[in-house]
Every structure is written in structure tokens, then in C-alpha cells.
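This report concerns only the one structure given below.
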Amino acid sequence: MTLPAYDQTELELPAMGSWPASRHRFDADQKSALRAAEAAGRPLLVRGDPGTGKSQLAHAAAVSARRLLLTVVVDSHSEASDLLWHFDAVARLADAHLAAVPGSKVGEDLHPARYVEPGPMWWAFDWKGAADHLQGARVGAMAPELPDKEWTAERGSVLLIDEIDKAETDLPNGLLEALGNRSFSVPPLRRVVTCPENVPQPLVIITSNEERELPAAFLRRCVVLTLKLPKSDAELTRYLVERGKLHFPELHRSYPKALTTAAEQLIDDRARAAEQGVYSPGLAEYLDLLRVLDRIDGDPADLLNELRAYFFDKQPPA
């Protein structure tokens with residue numbers, strides 16, 4: 001089965017699910033990491049500071065390979081089983097109570113299999129199997145939204161597991177079997193979910209802001225890509241301006257100096273944040289700043305002065 005080439009440099013990203021339309025620029029490291037993860041059949045762990053485009057890389061990979069994008073955002077309450085499958089005990093209990101009502105047929109079949117809901121990894125591995133199971137289930141879940149009407153399971157999928165470092169270590173440890181073997185068991189169904197032979201293995205992209213160290217056994221199963229902003233002010237300015245041109249070409253054409261001035265402002269903001277020991281703004285905040293300049297009428301230089309005065313002269317220190 002032919003692997004995606006990821007040979008584009010700049011890519012238009014249409015709206016997909018909860019993801020808004022955007023643009024992405026692949027660099028050499030990103031292309032190499034995507035190809036290596038595909039060839040090795042391993043998940044791609046993308047590490048780095050917030051706002052460096054880690055999550056968007058999954059959106060770009062899905063668009064580039066014409067695949068379905070599935071997303072799950074991890075938090076401190078997430079468990080590994082939530083990504084694989086979920087048993088709706090509440091619905092089964094409710095049906096059990098209804099079964100006691102004379103004449104009710106809702107609770108006649110209380111078999112546990114009817115209350116199993118496919119998780120995002122099940123959909124990524126075996127779309128048809130998940131859809132077939134859902135048709136006979138009592139759970140109220142729906143199939144994920146498709147990127148277009150022409151998509152079929154044979155085109156494959158990209159699964160984004162976002163911010164895995166926010167979870168307890170039990171979650172990455174609980175995914176070792178699924179990520180290592182590309183399959184997992186569903187005990188209530190007495191079956192193993194795996195990828196059909198005619199379907200490409202899903203590309204699993206996992207992001208981490210490195211707020212918590214991940215288990216060594218988990219890291220060994222991943223291809224690792226680290227995204228970092230350039231260290232020197234000159235390199236960071238060039239990096240930001242190039243991204244600004246990509247996302248806001250009209251602003252660059254109308255006010256060529258605006259992107260550089262905004263980049264310099266962000267670098268000053270990062271220095272202030274470092275002094276105060278608070279969150280340091282990055283690429284995401286730079287693009288937000290350009291979005292303000294692009295959408296509000298007026299000279300960007302004047303708007304930047306107003307924003308600077310508001311955020312640093314009037315706001316209390318963090």
C-alpha cells in the first residue's frame with residue numbers, strides 16, 4: 001500500500017469538524033517525521049511549547065493525505081479506555097428500571113454489548129466495524145463527521161490525541177497495547193479491534209506541551225518530533241513574519257511593515273513574560289495579533305500602540 005508523500009510545502013486547510021479553515025507550511029523536519037511514522041507504523045509524538053502548531057500538523061497531515069481527521073483532547077480525567085471504547089453503564093441501568101415497567105419493551109435486551117460505544121481509536125482502526133456495531137447499540141453516540149461525501153474507509157484516517165501530558169501516567173501506559181500492536185480487545189464484545197487488510201493503518205499523532213514526563217515505555221513506541229521557536233530575536237522575527245505572510249497575505253500587501261512590527265512586539269512580550277515568570281506567548285498569539293490588525297479598520301501601527309498601552313500600561317501585573 002502506497003504511503004503518503006507529504007511533498008507539499010504550503011497547504012490550504014479547509015474547515016474540518018471543529019477545525020476552522022487555515023493554512024499550513026510544512027518544514028523539512030515535519031515532512032521527515034511524518035514519513036518516518038508512516039513507514040515505521042508508529043505514532044508520531046509532537047512535543048514543544050504551546051502555540052507552535054503541533055495540533056495543526058495533524059489537520060495538515062489529514063488534508064495532505066486526503067484522510068479523515070479524528071480528534072480527542074485529553075484532560076486530567078481522561079482514561080485510556082475512553083479512547084478505545086466506552087461502556088454506558090448509566091444507560092443500561094436506566095433500561096433495567098424500564099424493564100420493570102409493565103408493557104415496556106425498552107429494557108428487554110440488557111446484553112452488555114448493546115451498551116458499548118466505539119472510541120476514537122476504534123473508529124480510526126476499523127471504521128466499518130465501529131459503524132456496524134453502533135447500528136445495534138443502545139448508546140446515543142453518532143459516527144464522526146466525514147471530511148467530504150467521497151471519503152471511504154479505504155482512504156484511511158489521522159487520529160490526533162491532543163495534550164496527552166495533561167493526563168495521569170495510567171493513560172499513556174494504557175495505550176501501549178493498542179499503539180504497539182495496532183489492535184486492542186473489547187472484553188464485553190469478546191472481540192479484538194484491528195485494522196482491516198484493505199485499509200491503511202491510521203496515522204496517530206500525539207501532542208505534548210511537556211508539562212509532565214511521559215513513561216519511557218510509551219516514548220519507545222513513538223517517532224518523536226520537537227517543535228521549537230527560533231532562539232535568536234532575528235531568527236524568530238523572520239520565522240514569525242513568514243508565517244504571518246502565509247496566513248494574512250492581504251495585510252502584508254497593504255501594510256508590509258505591520259508583520260515585522262507585530263513580531264518585534266511579540267518578542268518584547270516574551271521577554272516581559274520571562275521576567276515575570278508567566279506564560280510566554282508564541283506563534284498562536286502572534287497570529288491572533290495579526291488577526292486583530294487585519295479585522296479592525298485603521299493603521300496597524302496605531303492599533304499596535306493602542307494594544308501595547310492597554311495590555312502593559314493599564315493591566316495589573318500577573
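Among the residues in region 73-81, are any in contact with a Phe, Trp or Tyr (Cβ under 9 Å, 6 or more places away or on another chain), open to solvent by 10 Å² or more (accessible area, probe 1.4 Å), part of a helix (DSSP H, G or I) and farther than 28 Å from Ala15 by Cβ? Checked against the condition, which is being in contact with a Phe, Trp or Tyr (Cβ under 9 Å, 6 or more places away or on another chain), open to solvent by 10 Å² or more (accessible area, probe 1.4 Å), part of a helix (DSSP H, G or I) and farther than 28 Å from Ala15 by Cβ, region 73-81 yields at least one hit. All of Val278, Val241 fail the test of being in contact with a helix residue (DSSP H, G or I) (Cβ under 6 Å, 6 or more places away or on another chain) and β-branched (Val, Ile, Thr), apart from Val241. For region 84-104, indicate whether the set of residues that are open to solvent by less than 30 Å² (accessible area, probe 1.4 Å) and in contact (Cβ under 8 Å) with a residue 60 or more places away in the chain is non-empty. Scanning region 84-104, I find at least one residue that is open to solvent by less than 30 Å² (accessible area, probe 1.4 Å) and in contact (Cβ under 8 Å) with a residue 60 or more places away in the chain, so the answer is yes.
Could you tell me whether region 219-232 includes any residue that is within 30 Å of Asp170 (Cα to Cα) and in a helix (DSSP H, G or I)? Yes: one or more hits. Out of curiosity, is Leu293 open to solvent by less than 70 Å² (accessible area, probe 1.4 Å), closer than 21 Å to Asp49 by Cα, in a helix (DSSP H, G or I) and in contact with a helix residue (DSSP H, G or I) (Cβ under 8 Å, 6 or more places away or on another chain)? Judged against the criteria, Leu293 is not a match. Listed by first and then second residue, the pairs linking a residue in region 147-169 that is touching a residue at least 24 places away in the same chain (Cβ under 8 Å) to a residue that is surrounded by fewer than 16 Cβ atoms within 10 Å (Cβ to Cβ) and assigned to a helix (DSSP H, G or I), with Cβ atoms under 6 Å apart and 6 or more places separating them unless they lie on different chains, are Ala153/Lys128.
Hey, among the residues in region 40-72 that are among the hydrophobic types (A, V, I, L, M, F, W, C) and in a helix (DSSP H, G or I), which one's most open to solvent (accessible area, probe 1.4 Å)? It comes out as Ala40.
The values are calculated or read from the model by the stated rules, or taken from the named source; none is laboratory data. Since this is a predicted model, take the numbers as computed values, not measurements. Neighbour counts run over all protein chains shown; Cβ positions are idealised from the backbone, glycine included. With ligands, DNA and RNA removed, areas are computed over all heavy atoms of the protein, side chains included. Shrake-Rupley method; radii C 1.70, N 1.55, O 1.52, S 1.80 Å.
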